[in-house]
Amino acid sequence: QVQLVESGGGLVQPGGSLRLSCAASGSIFSFNAMGWYRQAPGKQRDLVAVIISGGRTNYADSVKGRFTISRDVVKNTVYLQMNSLKPEDTAVYYCKADRNFKNYWGQGTQVTVSS
């Protein structure tokens, strides 16, 4: 059973930074892709950033230049470095992993950007 555990969320002022972590229960090489999604109250869950098995990355337009997705294959962890945070970045952030046409989700971590 795949388990994904997110951490690193919290309250931050506009312009601040946070780093989210997603620790997987097994080797992240077993996944075709891993990504971060977010869901604000009353809105749908949207893709923020994804990293595929070859290392290529892709970002939502709204976070390009501010967020960076990366991975540590030794720690089986994927990160989301978030800089220059804005109030509109406030959401629950979820980690997702894809393997053989199955999707696995973490429990989510709250990010609140407010002064």
I want to verify a result. In a Gaussian network model of the chain, Cα cutoff 10 Å, which of these has the top mean-square fluctuation: Gly15, Gly35, Gly54? Gly54
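If R0 is 25 Å, what FRET efficiency do you get for Lys75 and Thr112 from their C-beta distance, rounded to 0.05?
Values: r = 26 Å, r/R0 = 1.05.
It comes out at approximately 0.40.
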Over 22 Å (Cα to Cα) among Lys43/Lys102; Lys43/Lys75; Lys43/Lys64 -> Lys43/Lys102; Lys43/Lys75
Could you tell me the distance between the Cα centroids of segment 11-35 and segment 45-115, to the nearest Å? 6
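I'd like to check one number: the per residue accessible area of the chain, probe 1.4 Å, reported in Å² as a whole number. Please report the intermediate quantities before stating the final value.
Details: 6230 Å² over 115 residues.
About 54 Å² of surface per residue is accessible.
The values are calculated or read from the model by the stated rules, or taken from the named source; none is laboratory data. Computed from a prediction, not measured in an experiment: that's the story for all the values here. Note that each Cβ is placed from the backbone with ideal geometry, even for glycine, and that neighbours are counted across all protein chains shown. For accessibility, only protein heavy atoms count, side chains too; no ligands or nucleic acids. Shrake-Rupley method; radii C 1.70, N 1.55, O 1.52, S 1.80 Å.
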